[in-house]
Amino acid sequence: MERLAAPPGGGPAGTAIVASASRLRGENRVPGDKSISHRALMLALMAEGVSQIRGAGDGADVRSTAGIVRALGATVERSESAGGLADYRVVSPGLDGLVGDPGVLDCGNSGTSLRLFAGILAGAPVKATLDGDDSLRRRPVARIIEPLRAMGARLEARDHDTLPPVIVTGGVALGAIDWTTPVPSAQVKSAILFAGLRANGITRVTERVATRDHTERMLRARGVTVRSAPDGGAGAVIEIEGGARVPAIDEQVPGDPSAAAFWLVAAAAHPDADLVIRSVGVNPTRRAVIDILTRMGARIEERAVGVGQARDADVGEPIADLRAQSSDLTATEISAEEVAAAIDEIPILCLAATQARGRTTIRGAGELRHKESDRLAGIAAGLGALGARISVDGDDIVIDGPVRLAGTSTDSLDDHRLAMTFAIAGLIASGTTTIGRPDSAAISYPGFFSDLERIRA
Ligand code: S3P
């Protein structure tokens, strides 16, 4: 992980100090969407020729994917553009021309890199080991190994095929499968769809709860037929036919709604705030955080930009400018389906709930135990230390508010979303809040702490 040059707020090494803010004003431009940036680089690897990606996220996770694309034999040129975004030019020989024995591919902290590359490499003429840091080595992989093996892929993993590293021995003929995902996971769905591109026949994935659909949209933007339909409930059925060619294209990545969520909650929960976040992706499968906050009474205005214009037409993603202002928040019930749709925003939604009148219950959040840290434990410990009334009951989170938070020491557990949640808490808490291991923010949002200081008015 990249380290920060100096700890923000002047705290001792390994900590950041965030002081209470009297006013929040201004505009932030968040990094390019992390999920879309990973997929854009991966699709550029699959496509023979020259791909251009503008406005990608420049966090450590996306850089891990770029490093793997390079190790597999593509030329990857990265240039920094304004606001901490990265532009990439990728020249790839296509999947059949990859380096056959690249050795260990370092996914760093990135579960998306590990799981999606497993699906991509399963049908490519490559033998490789997908590995990463200590946190990644604790994340479950049976969920991808089982469906990919059912397609004929050869994969092995540590601890009875449950934990990374994952060894993929590609070069085998894959067959289509009809798979129902037991846990809602866009990573699992995407790994199967990418393998399905190389499989013989029609691969079908059924999700009981629909997850983010960037892979489907980005394949369609490249002319690949991907059929998807609601399953009549909260789920979806997605089909892809094997054998389609993925062409190289130029594309623009929208701003990351998961990063924007930090500023939305900062503004809504602060008594004197008015913030604008430009060019944020508002894909229906990613916007749940906006809708939940709005239901809680958050004043969020959304102005669509670029609809029908080239800059969003190519990735097929709707984009909007968002404005959020100080709000009177009320508690809400968040269902298990909504948890799946707002999986990365649950920590910051917990902070919003501490400032909302009444009891907020977040149901079926057990999957948070398997993220970059055990986020259920981490969020309860950090917000609890700040004075929140928060408890974890089985897989449910229960929060009573509003509570005036008081600055104290918190620990991010080296998890980017916890580091940023506790930093936002520091803006609204009294006194100063210390965040242990704040560098983790750079996993998805390298400029986070300078954006945070810039909006103090
Ligand atoms: C992601 C899917 C989600 C999310 C992760 C990114 C993706 O994980 O938590 O940050 O890009 O597909 P799961 O699909 O495993 O829940």
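The values are calculated or read from the model by the stated rules, or taken from the named source; none is laboratory data. Since we're looking at a predicted model, the values are computed, not measured. Backbone-built Cβ (ideal geometry, glycine too); neighbour counts: all protein chains shown. All accessible areas refer to the heavy atoms of the entire protein, side chains included, with ligands and DNA or RNA removed. Shrake-Rupley method; radii C 1.70, N 1.55, O 1.52, S 1.80 Å.
Taking amide H positions as modeled 1.01 Å from N, with prolines and chain starts lacking one, the residues under 5 Å from residue 270 and 5 or more places away or on another chain are 327. Each of the peptides 289-301, 421-433 was scored by the mean count of other Cβ atoms within 10 Å over its residues; in descending order, highest first, they stand as 421-433, 289-301. Largest accessible area first, the residues 263, 179 order themselves as 179, 263 under a 1.4 Å probe with ligands, DNA and RNA left out.
Among the protein heavy atoms, those of residue 448 account for about 0 Å² of accessible surface (1.4 Å probe, every chain in place). Ordering 370, 416, 160 by accessible surface, largest first, gives 160, 370, 416; the 1.4 Å probe counts only protein heavy atoms, with every chain in place. What's the local net charge at residue 91, with K and R +1, D and E -1, over the other residues with C-beta under 10 Å away? Result for the neighbourhood of residue 91: -1.
Note that the chain presents 35 Å² accessible area per residue, ligands and nucleic acids not counted, probe 1.4 Å.
When a/c is below 1.5 the answer is rounded, else prolate if a/b is larger than b/c, else oblate, so apply that to segment 34-252 with a ≥ b ≥ c taken from the square roots of the Cα gyration tensor eigenvalues. It comes out rounded by the Cα gyration axes. State, as an integer percentage, the relative contact order of the chain based on alpha-carbon contacts under 8 Å between residues 6 or more apart. Contact order relative to length: 18 percent. Could you check how much of the accessible area of segment 34-252 is carbon and sulfur, as a whole percent, using a 1.4 Å probe? Percent of accessible area from carbon and sulfur atoms in segment 34-252: 47.
Taking Cβ atoms as reference points and 14 Å as the exclusive limit, the residues near residue 411 contribute a net charge of -2, counting Lys and Arg as +1 and Asp and Glu as -1.
Compared with the dominant principal axis of the Cα atoms in the chain, helix 375-385 is inclined by about 10°. Against the main long axis of the alpha-carbon atoms of the chain, helix 60-71 sits at an angle near 20°. Pairs of alpha carbons in the chain separated by more than 36 Å make up 23% of all such pairs. A simple charge model with +1 on the Cβ of Lys and Arg, -1 on the Cβ of Asp and Glu and nothing else charged puts the dipole of the chain at about 200 debye relative to its Cα centre. Measuring between their Cα centroids, segment 149-207 and segment 358-415 lie 33 Å from each other.
Taken along its principal axes, the alpha carbon cloud of segment 195-299 reaches lengths of 58, 35, 16 Å, longest axis first. As a rough guide to protection, the peptides 438-444, 21-27 ranked by mean Cβ packing within 10 Å, highest first, stand as 438-444, 21-27.
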